[in-house]
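Report on the following structure.
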Amino acid sequence: MKHHWPVTERTRRYCALAVLFATMAVGASMTTAPDRALWDPGSVLLFGGAVCAAMYWLGQGGRRGASRTRVAASAWVAMSSGLGIGLLLGLLLVNGSGAFAALFPVPLVAIDAAVRRSDGSARQRSTVLGMTAALVVAILVTGDDLQRGFADLVQGCVVAGVLSTLALVLRSAVRRQRA
């Protein structure tokens, strides 16, 4: 007996979102690879994925109605899955930069917090945290040695933390200005 998972329009949109983020992440990893032959296809993937993701988000704005700021937990999981899979593929298959991939564990943990605030299930949260753990392990073991991987991870997390803090400060300043 076959078990069929119901494929809804929402499922298709989230799969498309995951593919777009994976495409952008692979493209970004390819542009950070030491092999210069990968830079041109990587930039095409990065730019093409960004354009398609922008079109996706602009197309979603008209359907949601008044509450555009609320993002569903499934959309967060799709974004983090696509981002993590793309970075893992770029790191493991095209020898992308571990230092670049090390920027993303902090945003993935922030996405986990967003999933929790969006009333996401334990399965959704474990998917995001599992992707984060797989990315951290890949960063540690794909470099020349474990020490270099750990240094990349620490530096990337510090930079990502500073950038996240600056983004939050800017966001609160904009909100105060509007109020």
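What follows draws every value from the coordinates through simple rules; no lab data is involved. If you're wondering where the values come from, they're calculated on a predicted model, not measured in any experiment. For neighbour counting, all protein chains shown are included, and Cβ atoms are generated from backbone atoms with ideal geometry for every residue, glycine included.
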Between residue 133 and residue 12, what length in nm is gained on full extension when 0.36 nm per residue of separation is reduced by their alpha carbon distance?
40.9 nm
Given R₀ = 30 Å, FRET efficiency for residue 159-residue 118 by Cβ-Cβ distance, to 0.05?
0.65
What longest region of the chain stays clear of trypsin sites (Lys or Arg not before Pro) that DSSP places outside H, G, I, E and B and that have at most 13 other Cβ atoms within 10 Å?
71-179
If you fit an axis through the alpha-carbon atoms of helix 105-117 and take the longest principal axis of the Cα set of the chain, what angle between them do you get, 0 to 90°, nearest 10?
20 degrees
Taking a label point 7 Å from the Cα of residue 147 along Cα-to-Cβ, the residues of the range 70-113 whose backbone nitrogen sits under 20 Å from it are 98-99
For the chain, calculated [θ]222 nm from helices alone, where every DSSP H run of n ≥ 4 adds -39500 (n - 2.57)
-27000 deg cm²/dmol
Measure nothing but the geometry: give the 0 to 90° angle between the long axis through the Cα atoms of 146-178 and the longest principal axis through the Cα atoms of the chain, rounded to 10°.
30 degrees
I'm spelling it out carefully: the read-out is Rg and Dmax of the Cα atoms in Å, the candidates are [x] 35.5, 115; [y] 17.4, 60; [z] 16.2, 52, and one was derived from this structure. Which label?
[y]
Compute the angle between helix 9-31 and the longest alpha-carbon principal axis of the chain, please, reported from 0 to 90 degrees and rounded to the nearest 10.
20 degrees
